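Read the structure below first, then the notes.
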Amino acid sequence: MAVTDFTPTYKQPHFLPSQLSSLSTRLYTTRSRALRPFPRRNNARVCCSVAPNQVQVPVAPSVGKKGECYGVFCLTYDLKAAEETKSWKSLINIAVSGAAGMISNHLLFKIQQWLSSSQLASGEVFGPDQPIALKLLGSERSFQALEGVAMELEDSLYPLLREVSIGIDPYDLFQDAEWALLIGAKPRGPGMERAGLLDINGQIFAEQGKALNAVASRNVKVIVVGNPCNTNALICMKNAPNIPAKNFHALTRLDENRAKCQLALKAGVFYDKVSNMTIWGNHSTTQVPDFLNARIMGLPVKDVIKDSKWLEKDFTEDVQKRGGVLIKKWGRSSGASTAVSIVDAIRSLVTPTREGDWFSTGVYTNGNPYGIAEDIVFSMPCRSKGDGDYELVKDVLIDDFLHERIKKSEAELLAEKRCVAHLTGEGNAYCDLPGDTMLPGEQ
Ligand SMILES: NC(=O)c1ccc[n+]([C@@H]2O[C@H](COP(=O)([O-])OP(=O)(O)OC[C@H]3O[C@@H](n4cnc5c(N)ncnc54)[C@H](O)[C@@H]3O)[C@@H](O)[C@H]2O)c1
């Protein structure tokens, strides 16, 4: 049958597929009151809703700003008969904020490539029958650029990407999200105090926390990237009381990757020989790259790099300030490596951590075994069974040097927390930030 025998059917906005476990002729309810068949796998064709031989040319719907499906992703797919009995996994809804920004511009394409390549390689991670929906949240100013992003996704023909919605309302875009990658934030403008940045971005994350609380999956995993990401993650979490606090992460994986690279360089080995790398604390220049517990070729770092002065000073500062140096060279901040580190962070949660190893992520401190103040989001060493959850690593060493550094980062985060009390429901804010530390990446 010729392709032109079929007319594409555009889905309504807010289409809410919940399961794709059996591709029979199931119907799904949408919030926009229509019943529609779920978009289905079809090698080349879209669903037949008009009489055969009636030729209609698909016309992309005009796109509003309320989280609507975009272009080719609005098509309703049909199955070839042979595929009707095939079993599929549930569609995964991935919400991405700041989707028209630089990091997202790398990330959105990396996620698809990662899914495709991992299925080719081993069928691991989400697997070969795992359809993906992307819900792209932008700001009013970036909406047109968001359409451009959606167009590029269309043109990339990713086989597992089944839905793309774009919009500017988190209550629409976070609907049923199982992953929320919160990247969008305002940059720190010239002359802006760190307290000002905390407030302006904190408001964004308070609103997005409320939206997640109202409409996302109850088990959504949230990775906060937008800076200051630890405190933004805390604000987001406090505004989403119905979602487990454990599900909120602040991205410190880029810092971990940077630290591994510096140790590898110094030791003269490839970076895959570096393991057990912890970044403790805040994603700021008070962060603590831990060379006490890290390993190179399975050995303690200090057995391989016998230069304590380098470890304590150069290594630590190089990692802390890597982002700023990169801006000076590149003229912009680290979009690509941040995107890679976001994929690394997701992968660490959905694949079992290698025996004896761990990864760093900023998580809620309640119940931590290291004596770190409770009720903040602090980067710590974690392991995962690959189920999206994690546990804190207990058997780590903490010496005086490490303890002192950890306390400095802790003090900074406690001060940031006081500074955003009005956004976490803890009364009046009081800002006494200990010095104006830079975020990695700021000049
Ligand atoms: N945690 C980390 O390791 C790490 C690393 C690098 C950058 N960052 C941070 O990530 C953030 C984004 O960086 P980028 O380079 O992509 O910036 P960018 O300026 O290129 O993109 C940010 C995008 O977010 C959008 N945005 C602003 N407010 C929004 C809102 N309320 N809702 C949705 N979207 C909104 C903007 O319109 C813009 O398109 C920054 O805060 C940056 O400091 C974090």
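Selection of the stretch 219-237 for residues being closer than 23 Å to MET102 by Cβ, open to solvent by 10 Å² or more (accessible area, probe 1.4 Å) and either of a type in the set (A, V, I, L, M, F, W, C) or part of a helix (DSSP H, G or I) (or both) yields only VAL225. In the set VAL149, VAL220, only one residue is assigned by TED's automatic domain parsing to the domain that holds SER90, modelled with pLDDT of 95 or more and touching an Asp or Glu at 6+ places or on another chain (Cβ under 7 Å); that residue is VAL220. Filtered by the rule that a residue be among the aliphatic types (A, V, I, L, M), over 16 Å from the mean Cα position of the chain (by Cα) and either assigned to a loop (DSSP other than H, G, I, E, B) or within 13 Å of the ligand (Cβ to nearest atom) (or both), the stretch 179-203 gives MET192, LEU197, LEU198, ILE200. Taking residues in the stretch 87-113 that are open to solvent by 30 Å² or more (accessible area, probe 1.4 Å), and partners anywhere that are acidic (Asp, Glu) and away from the ligand (no atom under 16 Å from the Cβ), the pairs with Cβ atoms closer than 6 Å and at least 6 places apart or on different chains are LYS89/ASP129.
If you go through the stretch 142-164 and pick out every residue that is away from the ligand (no atom under 14 Å from the Cβ) and outside any loop (DSSP other than H, G, I, E, B), you end up with 9. Among residues that are in contact with a strand residue (DSSP E or B) (Cβ under 8 Å, 6 or more places away or on another chain) and in contact (Cβ under 8 Å) with a residue 24 or more places away in the chain, ILE235 is not included.
Might you check whether a residue that is farther than 16 Å from GLU416 by Cα and surrounded by fewer than 18 Cβ atoms within 10 Å (Cβ to Cβ) occurs anywhere in the stretch 163-170? Taking every residue of the stretch 163-170 in turn, at least one turns out to be farther than 16 Å from GLU416 by Cα and surrounded by fewer than 18 Cβ atoms within 10 Å (Cβ to Cβ). Spot the failing condition for ALA214; the list is (1) open to solvent by 20 Å² or more (accessible area, probe 1.4 Å); (2) within 10 Å of the ligand (Cβ to nearest atom); (3) assigned to a helix (DSSP H, G or I), and only one is missed. It is condition (2) that ALA214 fails.
Selection within the stretch 171-203: residues that are in contact with a Leu (Cβ under 9 Å, 6 or more places away or on another chain) and without any contact (Cβ under 8 Å) to a residue 40 or more places away in the chain. The member of this set that is least open to solvent (accessible area, probe 1.4 Å) is LEU197.
Set side by side, the residues ASP176, ASP172 differ, and just one is in a loop (DSSP other than H, G, I, E, B), under 20 Å from VAL215 (Cβ atoms) and out of contact with any Cys (no Cβ under 9 Å at 6 or more places or on another chain), which is ASP176. Among the residues of the stretch 259-282, those that are open to solvent by less than 20 Å² (accessible area, probe 1.4 Å) and out of contact with any Phe, Trp or Tyr (no Cβ under 9 Å at 6 or more places or on another chain) comprise VAL274, ILE279. When the stretch 388-405 is limited to residues that are in contact (Cβ under 8 Å) with a residue 12 or more places away in the chain and under 25 Å from the mean Cα position of the chain (by Cα), the one that is surrounded by the most Cβ atoms within 10 Å (Cβ to Cβ) turns out to be TYR390.
Of the residues that make up the stretch 243-260, is at least one over 22 Å from ILE183 (Cβ atoms), in contact with a Lys or Arg (Cβ under 7 Å, 6 or more places away or on another chain) and of a type in the set (A, V, I, L, M)? No.
The values are calculated or read from the model by the stated rules, or taken from the named source; none is laboratory data. Predicted model, so just to flag it, every value in this text is computed and none were measured. Using ideal geometry, Cβ is built from the backbone for each residue, glycine included, and neighbour counts are taken over all protein chains shown. Heads up: the accessible areas ignore ligands, DNA and RNA and are worked out on the full protein's heavy atoms, side chains in. Shrake-Rupley method; radii C 1.70, N 1.55, O 1.52, S 1.80 Å.
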